[in-house]
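Presented below is the structure to which this report refers.
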Amino acid sequence: MIKDNYLLIMDRINSISKKLNKDPESITLLAVTKTHPAELINQALALGINDFGENKVQEAEQKLDKINRNNKYFHFIGHLQSNKINKILALDPVLIHSIDKLSTAQKLNDTCKNLNRIQNILIEVNTSGETSKEGVEPDLCINLIKDIADLPYLRILGLMTIGSLTEDSLEIRRCFSLLKSLSIQIAELNLNQVKMQYLSMGMSHDYEIALEEGANLIRIGSLLFGNRIYTNKTGV
Ligand SMILES: *Cc1c(COP(=O)(O)O)cnc(C)c1O
């Protein structure tokens, strides 16, 4: 079943890329594996998916040992709590998608300094304006990035957003288009240690719109694995 879902998504990525005159290889499909058991994740990775993401530290810790990570990349896509920074870094994430505050970035930078390692991050932007969403406000994004760019142990590699939770595809498109235009503005600033390499946007219900608006990293969970079953109140 995962294989059929995977092939369908790859097919959509290929045809949308073709329409946009883009190389489909430039699009990264990130499998969002939260709530799914390690065996299922290994199945997905065996199909050729290289990138997978979790949003809870404890859940990721429990599963990562059982996941075959040869040439596979773990992404942390959840809200970053500053008291969990050590634990997250121990899991060696290739990218942390969810930095939205200078204070958290400073703590992350300090911890990276102690460990003598560089961490790649994305800045999460709240493009929908929904108060329930994490992410820096679009108006404050550039200043935040300028501040974080000064932290020597972090590398900003792009932006991430979660589109508006609505049926209104125009509103969803507005969110993604806003993230793209922010990334263009930021790239033009030529800040040290800042690259706008990744635009992480689009999930199961809106990844096609995201691709049309310039996403090159899409985060897909339920369309690949089926609906999530939450087994306890913490959402794990
Ligand atoms: C759960 C999650 C996804 C995937 O959601 P689906 O709708 O299942 O594709 C993507 N991004 C983030 C940040 C998530 O937490």
- Tell me, yes or no, whether the stretch 184-196 has at least one residue that is within 16 Å of the ligand (Cβ to nearest atom) and either over 24 Å from T35 (Cβ atoms) or of a type outside the set (D, E, K, R) (or both). no
- Message: Regarding the stretch 156-165, can at least one residue be identified that is crowded, with 16+ Cβ neighbours inside 10 Å, more than 16 Å from the ligand (Cβ to nearest atom) and not in a helix (DSSP H, G or I)?
- Response: yes
- Message: Please pick out the residue among N126, N114 that is away from the ligand (no atom under 16 Å from the Cβ) and not aromatic (F, W, Y).
- Response: N114
- Query: Which residue, of K34, K133, is over 22 Å from L154 (Cα atoms) and touching a strand residue (DSSP E or B) at 6+ places or on another chain (Cβ under 6 Å)?
  - Reply: K34
- Item | Selected residue (only one of D23, D11, D65, D51 is within 15 Å of the ligand (Cβ to nearest atom) and either of a type in the set (S, T, N, Q) or at negative phi (or both)) | D51
- Query: Tally time: how many residues in the stretch 154-169 are in contact with a strand residue (DSSP E or B) (Cβ under 9 Å, 6 or more places away or on another chain) and not basic (K, R)?
  - Reply: 8
- Query: Among N143, N190, which is the only one that is free of Cβ contacts under 8 Å to residues at least 60 places away in the same chain, of a type in the set (S, T, N, Q) and assigned to a helix (DSSP H, G or I)?
  - Reply: N143
- Note on the structure: When the stretch 135-149 is checked residue by residue, the ones that are surrounded by 14 or more Cβ atoms within 10 Å (Cβ to Cβ) and under 26 Å from N86 (Cβ atoms) are G135, V136, L144, I145, I148, A149
- Filtering the stretch 197-218 down to residues that are part of a loop (DSSP other than H, G, I, E, B) and either among the small types (G, A, S) or more than 10 Å from the ligand (Cβ to nearest atom) (or both) yields G202, S204, E213, G214, A215, N216
- Spans of helices (runs of 4 or more DSSP H) in the stretch 31-134 with at least 3 residues polar (S, T, N, Q), touching a residue at least 24 places away in the same chain (Cβ under 8 Å) and surrounded by 16 or more Cβ atoms within 10 Å (Cβ to Cβ): 102-115
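Values quoted throughout were computed directly from the atomic coordinates according to the rules given, and no laboratory measurement underlies them. A quick note: this is a predicted structure, and the numbers were derived from the prediction, not measured. When we count neighbours, we look across all protein chains shown, and the Cβ atoms used for this are built from the backbone with ideal geometry, even at glycine.
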